[in-house]
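Let me begin by presenting the structure, written as structure tokens, before commenting on it.
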Amino acid sequence: RSRREEHFERLRWAPSSLRARIIAWFIGVLVVSTVGFVVVTYEVLEIRLDQRIDAELTQEAAELRALRSSNDPQTGEPFASVARLFRVYLVRNVPSRNEALITFLAGEPFLRSRPVVPYRLDRDPELVARWAGLTEPDRGGVSTPAGRVEYLAVPVNSPSGETGGVFV
């Protein structure tokens, strides 16, 4: 045998029979399609999760706005203060699993929902600094020791029209 024949024989990796080639191609197509299916499924689930999070955040803000435009149930008059609005809202709303509701007054954490998350967002100095003084709504995500947190922070005007607090 020549050296050239030996070289080509070492390079030859494809199966020699037609049946073996068909099986190899079938396995290759099956692997590629399975990987593609897994990637597409992951992306679809990720998109649906993001949509659900956005819907829940928007719903909480809408509920707060609706309460703000109604009357204080104790007095029957418009809410006299942002603090009273936050108290009533937090009494009426129970957060879902992995959801936290936090309020700020005068740049300081005020009230929060009962703890249902493993990390106290209202004790994180960076997050408190970010949310406490907002004058415009802020939507985003941050990394915490407990994982990624998606949030919506909404400034709430006092009866006098200035920002009286922030709802996160």
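Points worth noting:
- Our Cα-only numbers for the range 124-168 put the radius of gyration and Dmax at 11.7, 39 Å.
- For the range 101-147, dividing the convex hull volume of the Cα atoms by the residue count gives 79 Å³ per residue.
- Springs between Cα atoms under 10 Å define the GNM used for the chain, and in it the highest mean-square fluctuation of Arg123, Arg114, Arg68 occurs at Arg123.
- The range 76-168: relative contact order in percent, alpha carbon pairs under 8 Å with at least 6 residues between: 28 percent
- Within a Gaussian network of the chain (alpha carbon springs, distance under 10 Å), most fluctuating of Leu127, Leu152, Leu105: Leu127
- Where N is the number of residues in the range 58-120, Cα Rg divided by 2.2 N^0.38 Å: 1.15
- Overall form of the range 28-89: prolate. Here a/c, set by the Cα gyration tensor axes a ≥ b ≥ c, is 1.5 or more, and a/b is the larger of a/b and b/c.
- The chain - charge dipole about Cα centre, Lys and Arg +1 at Cβ, Asp and Glu -1, debye rounded to 20: 1100 debye
- The residues of the range 12-168 expose on average 66 square angstrom of accessible surface per residue, using a 1.4 Å probe on protein heavy atoms.
- Sequence of Ser143, Ser70 when ordered by accessible area, the most exposed leading, probe 1.4 angstrom: Ser143, Ser70
- The order of Ile22, Ile102 by accessible area, most exposed first and with a 1.4 Å probe, is Ile22, Ile102.
- Considering only Thr75, Thr58, Thr103, the mean-square fluctuation computed in a Gaussian network model of the chain, springs between alpha carbons under 10 angstrom, is largest for Thr75.
- Ordering Pro95, Ala132, Trp25 by Cα displacement along the dipole of the chain toward the positive end leaves Trp25 in first place; charges were set at the Cβ atoms of Lys, Arg (+1) and Asp, Glu (-1).
- Karplus-derived HN-Hα couplings along the range 154-160 (A = 6.51, B = -1.76, C = 1.60, θ = phi - 60°), whole Hz, x at Gly and Pro: 10, x, 10, 7, 6, x, 7
- Å³ per residue enclosed by the Cα convex hull of the chain: 181 Å³
- Among the protein heavy atoms of the chain, carbon and sulfur supply 58% of the accessible surface, probe 1.4 Å, non-protein parts ignored.
The values are calculated or read from the model by the stated rules, or taken from the named source; none is laboratory data. A quick note: this is a predicted structure, and the numbers were derived from the prediction, not measured. Here Cβ is always computed from backbone atoms with ideal geometry, including for glycine, and neighbour counts include all displayed protein chains. Keep in mind that these areas ignore ligands, DNA and RNA; they rest on the heavy atoms of the full protein, side chains included. Shrake-Rupley method; radii C 1.70, N 1.55, O 1.52, S 1.80 Å.
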